[in-house]
Amino acid sequence: MSELNSKDLLIPDSKVFYLPHHAVFKETSLTTKLRVVFDGSAKSNNGLSLNDTLMIGPMVQQDLFSIILRFRVHNYVITSDITKMYRQILVTQKDSNLQRILWRENAEQDLKHYALRTVTYGTTSA
């Protein structure tokens with residue numbers, strides 16, 4: 001994500017959306033005790049959410065039965081986890097304005113505005 005300065009906050013003729021988010025703590029986790037959850041389905045003041053306005057792409061994964069059936073055809077099978085892949089896909093500067101967040105380290109600090117620069121979990125496009 002990148003921090004926005006005061007001149008970046010008001011962009012004429014540009015759509016802007018502040019993405020609600022919250023922290024989830026899991027004390028028992030050895031690797032990730034804290035993770036951030038973004039809510040692309042939260043409705044804004046006009047009754048629409050970010051997910052309501054995003055284009056839904058085609059289903060690219062086959063049905064589970066077909067996937068499992070292929071395991072019986074080959075001698076070797078390779079699997080992978082692509083969860084980290086989304087953090088590598090950059091969105092354009094214009095589209096990152098639809099993924100803004102407010103953040104501060106503690107209640108005494110002023111709010112800072114940030115734009116998320118990668119595909120974000122919790123949105124339809126992810």
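For Gln93, indicate whether it is closer than 29 Å to Leu9 by Cβ, modelled with pLDDT under 90 and either surrounded by 11 or more Cβ atoms within 10 Å (Cβ to Cβ) or acidic (Asp, Glu) (or both). So Gln93 passes the test.
Restricting region 31-83 to residues that are surrounded by fewer than 10 Cβ atoms within 10 Å (Cβ to Cβ) and among the aromatic types (Phe, Trp, Tyr), the residue that is nearest to Phe17 (Cα to Cα) is Phe65.
Matching residues to (1) under 30 Å from Asn5 (Cβ atoms); (2) basic (Lys, Arg):
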| residue | (1), (2) |
| --- | --- |
| Ser66 | no, no |
| Arg70 | no, yes |
| Trp103 | yes, no |
| Ala115 | yes, no |
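Residue pairs whose Cβ atoms lie under 7 Å apart, sitting 6 or more positions apart in sequence or on different chains, and linking a residue in region 82-103 that is among the basic types (Lys, Arg) to a partner that is surrounded by 12 or more Cβ atoms within 10 Å (Cβ to Cβ), are Arg87/Thr118; Arg100/Val16; Arg100/Phe17; Arg100/Tyr18; Arg100/Leu19; Arg100/His113; Arg100/Tyr114; Arg100/Ala115.
Among the residues of region 18-25, at least one is loosely packed, with under 13 Cβ neighbours inside 10 Å, more than 16 Å from Tyr114 (Cβ to Cβ) and either hydrophobic (A, V, I, L, M, F, W, C) or modelled with pLDDT of 90 or more (or both). So is Glu3 among the charged types (D, E, K, R) and without any contact (Cβ under 8 Å) to a residue 40 or more places away in the chain or not? So Glu3 fails the test.
All but one of (1) in contact (Cβ under 8 Å) with a residue 60 or more places away in the chain; (2) in contact with a Phe, Trp or Tyr (Cβ under 9 Å, 6 or more places away or on another chain) hold for Met55; state the number of the condition that does not hold. The one condition Met55 does not meet is (2).
The values are calculated or read from the model by the stated rules, or taken from the named source; none is laboratory data. Every value quoted in this text rests on a predicted model; they were computed, and no experiment measured them. So basically every Cβ, Gly included, is an ideal-geometry build from the backbone, and we count neighbours across all protein chains shown.
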